[in-house]
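For reference, the structure is listed below as structure tokens.
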Amino acid sequence: MNQDQGVKKPARQVLVYNRQSKFEVSADFVELLENLGDAAHEILEERYLARVRMPGSVQVSLVDDREISRVHAQFMDNPDPTDVITFPYGDEGEVLISLETAERQAGQFKSTFDREITLYLVHGLLHLAGYDDCSEATRCEMEELQEALVTELLEGE
């Protein structure tokens with residue numbers, strides 16, 4: 001009997017879609033982000049108290065600055081590009097990540113592009129878990145948790 005027979009693979013919780021054309025995004029990179037997203041989702045559910053019930057599935061769209069600016073203007077009345085925008089829809093969630101902003105900020109913060117994208121992914125998942133960064137206290141709490149998760153995820157690769 002094959003080892004894989006009878007063993008049901010868990011459903012993917014985080015799906016990543018490349019919805020931009022400015023950066024070449026490999027299938028391996030998409031799969032890496034999905035794996036990191038699933039791991040972060042699991043850690044948030046098991047170890048940290050989510051402030052709201054985590055969505056069962058999350059769609060992550062990799063976009064360019066033009067698209068994230070359009071969404072930012074439409075939903076937050078701010079036409080400037082941003083790094084990540086999150087939308088909770090009950091049992092589903094959506095995270096938009098700007099690859100252009102990630103590239104720019106990776107250089108600005110002397111980070112890597114992959115780490116910056118992982119940071120945005122975790123940031124979006126934390127918002128879906130009910131964390132916010134609207135005040136100094138909640139921003140510090142969220143940043144501390146975010147940094148711990150990103151470090152754990154990237155060291156576990």
Would you please put 111-118, 147-154 in order of how densely packed they are, using the mean number of other Cβ atoms within 10 angstrom per residue and starting with the highest? 111-118, 147-154
Using the Karplus curve 6.51 cos²θ - 1.76 cosθ + 1.60 with θ = phi - 60°, what ³J(HN,Hα) values do you get for each residue of region 13-28, in whole Hz, with x for Gly and Pro? 8, 10, 10, 10, 10, 8, 10, 9, 10, 6, 10, 6, 10, 7, 4, 5
Of the listed values [x] 9.5; [y] 16.7; [z] 10.6, identify the label whose number matches mean projected area of the Cα convex hull in nm² calculated from this model. [z]
Roughly what angle does helix 136-155 make with the longest principal axis of the chain, taking Cα atoms, 0 to 90 degrees, to the nearest 10? 50 degrees
Could you check the spin-label model distance between Ala73 and Arg12? Points 7 Å from the Cα along Cα→Cβ, value in nm. 3.2 nm
Among Gly130, Ala11, Leu96, pick out the residue whose Cα is farthest towards the positive end of the charge dipole of the chain, where Lys and Arg carry +1 and Asp and Glu carry -1 on C-beta, about the Cα centre. Ala11
Could you pull out every residue, at least 5 positions away or on a different chain, whose amide H is within less than 5 Å of the one on Asp133? Hs are placed 1.01 Å off N in the peptide plane, and Pro or chain starts have none. none
Fully extended, how many nm does the chain gain between Glu143 and Asn35 (0.36 nm per residue separation, minus their Cα-Cα distance)? 36.7 nm
Helical mean residue ellipticity (222 nm; -39500 (n - 2.57) per DSSP H run of 4+; nearest 500) of the chain: -16500 deg cm²/dmol
Among 132-144, 33-45, the order from most to least packed when residues are scored by Cβ within 10 Å on average: 33-45, 132-144
Please build a GNM for the chain, connecting alpha carbons under 10 Å apart, and tell me which residue among Gln105, Gln74, Gln146 fluctuates the most. Gln74
Note, Val71: beta-carbon cut-off 13 Å, +1 each Lys/Arg, -1 each Asp/Glu, net -4
C-alpha long axis of helix 65-76 to longest principal axis of the chain, angle in °: 80 degrees
Sketch the reach of a paramagnetic label on Asp132 as a point 7 Å from Cα along Cα-to-Cβ, and name the residues of region 88-112 whose backbone nitrogen lies under 16 Å away. 88-89
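Values quoted throughout were computed directly from the atomic coordinates according to the rules given, and no laboratory measurement underlies them. On a predicted model such as this, the values are computed, not experimentally measured, just so you know. Note that each Cβ is placed from the backbone with ideal geometry, even for glycine, and that neighbours are counted across all protein chains shown.
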